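Engineer: Provided herewith is a single structure, encoded as structure tokens, for subsequent inquiry.
Just so it is clear, none of the values below were taken in a lab; they were calculated from the coordinates. Given the structure is predicted, the values throughout are model-derived calculations rather than measurements. Every residue, glycine among them, receives a Cβ derived from its backbone with ideal geometry; neighbour counts consider all protein chains shown.
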Amino acid sequence: MNMERLLKKATGLAARNARLFDALRWVLEGGYRGELRVIRDEVRPHGGRVLDVGCGTGIFAACFPPGQYTGIDVSEGYIEAARRKHPGHTFACHDACAMPFAQGSFDVCIVSGVLHHLDDETAVRLLRELARVLKNDGSCIIWEDVPARSRWNVIGAFAHRFDEGSHIRLAEAYRRLASAAFSVARAYPMRSGFMDYEVLVCHQAGRNSGEA
């Protein structure tokens, strides 16, 4: 087995160990400073019910009151870890392309590092399902991995090379995907630690993109 395949396998094993994966992400993403700024500036002002898609081990659950937060993930192991860390919050193991929630159940949705694991067709299905469960005046805040923006960011480029997500896209590609389900009000770059992201602030299609 060559070194690249060995490292890819090691990354996959780390991702399956919730505690180890959390520690690795905390280091690579600089204590989540960038993500926490996005939550502070783009998500929390909405108030109301929050849906966290791809919540993992509930890293961002503490940013929201327990009664207003629901986190979902396809990994039962991550959901179990999230419930242990945040027993007052609601977590469930669901496929985000076919959720059991009623139409208009949530005020705001966050999608953190999910779309780069999905091909275009599946990503659009997921986004349209999110539009269904959001209220008519609801918003979807997305941040997704993009290739390292600086050639000096060797660690970020290395981390992406061994990321389990095989659909890391350029920023424009994420905007096109989001536009299939939402009106994209704003899009901007974000850096957290060594990791580069594109942030998309999306509203329900037909809503005035100038609304707060």
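Engineer: Indicate, rounded to the nearest 5 percent, the antiparallel portion of the DSSP beta bridges found entirely in the stretch 3-204.
Structural biologist: Details: 17 of 35 bridges.
Taking every DSSP beta bridge with both residues in the stretch 3-204, the antiparallel ones total about 50 percent.
Engineer: Something else now. If I take R0 = 25 Å and measure r between the Cβ atoms of Arg37 and Arg84 in this structure, what FRET efficiency does the formula 1/(1 + (r/R0)^6) give, to the nearest 0.05? Show your work: numbers first, answer last.
Structural biologist: Working: r = 27 Å, r/R0 = 1.08.
Calculated value: 0.40.
Engineer: With a cut-off of 8 Å between alpha carbons and a minimum separation of six or more residues, what is the relative contact order of the stretch 3-204 in percent? Each step should come with its number before you reach the end.
Structural biologist: Details: 368 pairs, mean separation 44.5, N = 202.
After rounding, I find 22 percent.
Engineer: Suppose every K and R has +1 on its Cβ and every D and E has -1 on its Cβ; what is the size of the dipole of the stretch 3-204 about the Cα centre, in Debye to the nearest 20? Kindly include the intermediate steps, with their values, before the conclusion.
Structural biologist: Details: 26 positive and 24 negative charges, 80 e Å.
It works out to roughly 380 debye.
Engineer: Under the 0.36 nm per residue contour assumption, what length would be gained going from the current alpha-carbon distance of Leu170 and Leu28 to full extension? Could the numbers behind the result be given before it?
Structural biologist: Values: separation 142, 0.36 × 142 = 51.12 nm, distance 2.00 nm.
Extending this stretch completely gives an extra 49.1 nm.
Engineer: For the pair Ala157 and Ala185, what calculated FRET efficiency results from E = 1/(1 + (r/R0)^6), where r is the Cβ-Cβ distance and R0 = 25 Å, to the nearest 0.05? The partial results should precede the final answer.
Structural biologist: Values: r = 30 Å, r/R0 = 1.20.
Once the sixth-power term is evaluated, E becomes 0.25.
Engineer: In nm, give the distance between the simple-model label positions of Cys93 and Arg19, each being 7 Å from the Cα along the Cα-to-Cβ direction.
Structural biologist: 2.0 nm
Engineer: Write down the Å³ per residue value for the convex hull defined by the alpha carbon atoms of the stretch 3-204. Walk me through the intermediate numbers first.
Structural biologist: Numbers: hull volume 21.9 nm³, N = 202.
Hull volume normalised by residue count: 108 Å³.
Engineer: Quick check: the distance between the Cα centres of the stretch 60-110 and the stretch 112-186, to the nearest angstrom?
Structural biologist: So the separation of the two Cα centres works out to 19 Å.
Engineer: Also, quick follow-up: Can you list residues whose amide H is under 5 Å from Phe194's amide H, if they're 5+ apart or on another chain and H is modeled 1.01 Å from N?
Structural biologist: Amide H to amide H, under 5 Å and 5 or more residues apart or across chains, Phe194 pairs with Glu29, Gly30.
Engineer: Each residue of the stretch 21-37 in order: what ³J(HN,Hα) in whole Hz does its phi give by Karplus 6.51 cos²θ - 1.76 cosθ + 1.60, θ = phi - 60°, with x for Gly and Pro?
Structural biologist: 5, 4, 5, 5, 5, 4, 5, 5, 9, x, x, 6, 4, x, 4, 5, 5
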